[in-house]
Amino acid sequence: VHVAARDLRSRGFTVNLNNLGWPGAVISRRLQNLGAQYGREILGNFMEQEIPFVNPNSTLITIFAGGNDVNTITSALGGGAGGADRVAYINSQIAAFGEDFAGLLKAIRERVPSARIVVLNLPNMAAMPFLAGGSRDHRLAAQMLAVGITGTVFNPLTSSGVLVVDLMCDARSYQASTYSSDGFHPGDAGYAWIAAEVVAATTTV
């Protein structure tokens, strides 16, 4: 967001940045509790630690959610969640994420009804560098979750006036040069690319 703000200022826009991102945050208390249940320490969630601090005068809201949630759910699967029917468990988690995200958007619109909202969808996380050495089951679960969330939760938002930045279908989402050494968090090149996509969406008339 800092790179995007700098770019927008260079184009003549006045930008007062309020960065509410929490490292490792998931969308809701439900996901935070799921992580704790399976030994994953998560320090915050969007609904409780971010939404209350959204500036009511905001004119632009950007949301990049889901990556930490997918990792939380795959960790739960690795710990035995879902039992013998992993597919049903994954589908239930996709549906629950959709409900959480709908609640997130509702809360944002109640605070800032006229703000432009830009959402970044998820890449197919199974093809990201951090899972290159993962097990087949892990990669399959990550793929089902990321593709399911992007396809059923994020991409349909365009019909409700939300602008969606498509990371899933962009080849740069799968290049090692996009990421830092952990293969999950973007490096400088990745942040520059994502910021440019956000700016392009933001300045679309």
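The values are calculated or read from the model by the stated rules, or taken from the named source; none is laboratory data. Since the model is a prediction, treat every value here as computed from it, not as a measurement. As a convention, Cβ positions derive from the backbone with ideal geometry for all residues, glycine included, and neighbour counts pool all protein chains shown. Side chains are part of the model used for accessible areas, which takes the heavy atoms of the whole protein and leaves out ligands, DNA and RNA. Shrake-Rupley method; radii C 1.70, N 1.55, O 1.52, S 1.80 Å.
Descriptive notes on the structure:
- Here the simple spin-label model places points 7 Å from the Cα toward Cβ, and for T158 and A200 these points are separated by 1.3 nm.
- Quotient of C-alpha Rg and 2.2 N^0.38 Å, computed over the range 150-196: 1.32
- Surface accessible to a 1.4 Å probe, R116 within the full protein complex, Å²: 80
- Over the range 107-205, volume per residue of the alpha carbon convex hull, in Å³: 114
- Taking the C-alpha atoms of the range 25-74, convex hull volume expressed per residue in Å³: 57
- Applying 0.36 nm per residue to the separation of A95 and N18 and subtracting their alpha-carbon distance, the gain on full extension is 24.7 nm.
- Computed E for A171/R29 - FRET, C-beta separation, R0 45 angstrom, nearest 0.05: 0.80
- Counted by Cβ distance under 15 Å from T203, the other residues give a net charge of +2, where Lys and Arg count +1 and Asp and Glu count -1.
- Mean-position separation - Cα centroids, the range 1-77 and the range 120-147, in angstrom: 20
- Kirkwood Rh in Å, taken over all unlike Cα pairs in the range 67-119: 12.8
- Extension gain for the segment S135 to F53, taken as residue separation times 0.36 nm less the Cα-Cα distance, is 25.6 nm to one decimal.
- With the simple model of a label 7 Å out from the Cα in the direction of the Cβ, S10 to Y38 spans 4.1 nm.
- Extent along principal axes [Cα atoms of the range 1-54; Å; largest to smallest]: 48, 19, 11
- D166 accessible area, assembled protein chains, probe 1.4 Å, Å²: 70
- All Cα pairs of the range 107-149, percent lying beyond 16 Å: 51
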